[in-house]
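My structure is below; once you've seen it, I'll send some questions.
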């Protein structure tokens, strides 16, 4: 696989799923850009297969496709207008593919869920069918996790046009580069990112990532109610936030003010654990409600890295600089690329170990280096975090990214902190398992896992919950 940028791993979008929402959205955008003669299209049909079909309704795949056809982008679409936009489309039943060219489109009929079929390339498959007169032009596409998409027959690195000074496919290669250059992981990643853009642009983009994460946590901690989808899952972050918020503190009117107040407090261990859980729950409740989140590396696991970074900013270091936050996110993203290149970050391909497990490993490495750990200790932390997520299944109840997904992010964040502390107190030379070993093991585990436990909602909690809910 070719070079992967920090900003491929960390992307601003909306919930609830990077592979089922962001990926199909990007497919439609690419299809529109590459089709060539959109003004000749008379009718359009989108066919969904495998996991996209089985859990697409709960993951809002149809909504993502519609919004993409309407010309919206996941990074900028006004989330408060999504219900209105979808209602208007269902009433008017047409889309404007290019200015002046309107075609009929009825989402309930023209998006087809093939729940008993799958395409050969990946569990998340979809076909774009354009009808031009009496001819049909079809192309198969795959959403391969984390918002990455491929056209059938396309290689993952087919669009790579940069040469990195320090390319890495394995943790061993990363370690070798750092030793040869006297780098920390963050130094190596900054050097590599310069192959894509000027350093000032990278700084601006990474701080936009952090501000989106911070604002998402703040919104989640201030918002009550019930999540959409029919499970009647109550938001918990706001109640937990109020319980752990000191009596002499107010939440603040802005996310920045809220963070500043938390940074000035001395908080006990139990309270810290509650805060970390609160941060993670807040993000994933926003994600479940189609809020603005950062794919890190996926939407289903979008709460882990923000929660651990917030822990570092508020409770570990004093006077954390923008540079420290940028370095944290750069290290996390680099670790994520190793899993992306040698295993998977798609729950449909590898279960939840590929999402929450990978995000926990990313956060653990970043937290370790942020606290002064060596490169070896950071890699050790990532290995520890993933080792204790191996085999984690993806079994979303009713195909919604709510049960057990929201709580799993809290657990992943706490495991990352624990892994970082174990690595900082440990001696990497005495470790018996390397990060490369655990990535290989994760890949083998994913390949051997039953499809029932890979984001199909056909096994695990998805079929064994004790409380039954009515169909939507």
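The values are calculated or read from the model by the stated rules, or taken from the named source; none is laboratory data. Remember, it's a predicted structure, so these values are computed and weren't measured experimentally. Heads up, the Cβs are rebuilt from the backbone with ideal geometry, glycines too, and the neighbour counts pull from every protein chain shown.
Which one of the conditions (1) closer than 23 Å to residue 283 by Cβ; (2) touching a helix residue (DSSP H, G or I) at 6+ places or on another chain (Cβ under 6 Å); (3) surrounded by 24 or more Cβ atoms within 10 Å (Cβ to Cβ); (4) at pLDDT below 95 does residue 397 fail to meet, given that it meets all the rest?
With (1) closer than 23 Å to residue 283 by Cβ; (2) touching a helix residue (DSSP H, G or I) at 6+ places or on another chain (Cβ under 6 Å); (3) surrounded by 24 or more Cβ atoms within 10 Å (Cβ to Cβ); (4) at pLDDT below 95 applied to residue 397, the lone miss is (3).
Kindly check whether there is at least one residue in the stretch 139-153 that is farther than 18 Å from residue 31 by Cβ, part of a loop (DSSP other than H, G, I, E, B) and without any contact (Cβ under 8 Å) to a residue 12 or more places away in the chain.
no
Next question, about the same structure. Report yes if some residue within the stretch 239-257 is in contact with a helix residue (DSSP H, G or I) (Cβ under 6 Å, 6 or more places away or on another chain) and closer than 18 Å to residue 328 by Cα; otherwise report no.
No: zero hits.
Right, something else. Starting from residues that are in contact with a helix residue (DSSP H, G or I) (Cβ under 6 Å, 6 or more places away or on another chain) and farther than 20 Å from residue 368 by Cα, keep the ones in the stretch 169-202 and report whichever is surrounded by the most Cβ atoms within 10 Å (Cβ to Cβ).
Looking at residues that are in contact with a helix residue (DSSP H, G or I) (Cβ under 6 Å, 6 or more places away or on another chain) and farther than 20 Å from residue 368 by Cα, I get 193.
For residues that are free of Cβ contacts under 8 Å to residues at least 60 places away in the same chain and closer than 19 Å to residue 434 by Cβ, tally how many sit in the stretch 336-360.
So the count comes out to 1.
Return yes when residue 89 is surrounded by 16 or more Cβ atoms within 10 Å (Cβ to Cβ) and in a strand (DSSP E or B) and no when it is not.
no
Within the stretch 93-105, take every residue that is out of contact with any strand residue (DSSP E or B) (no Cβ under 9 Å at 6 or more places or on another chain) and surrounded by 12 or more Cβ atoms within 10 Å (Cβ to Cβ) and give me the one that is farthest from residue 32 (Cα to Cα).
Here the residue is 101.
Could you check the stretch 400-442 and list, in sequence order, the residues that are part of a helix (DSSP H, G or I), under 26 Å from residue 463 (Cα atoms) and touching a helix residue (DSSP H, G or I) at 6+ places or on another chain (Cβ under 7 Å)?
Matches in the stretch 400-442: 405, 406, 408, 409, 410, 412, 442.
Now, a different point. So which of 46, 28 ends up being farther than 22 Å from residue 396 by Cα, assigned to a helix (DSSP H, G or I) and in the same structural domain as residue 100 (by TED's automatic domain parsing)?
Answer to the selection: 28.
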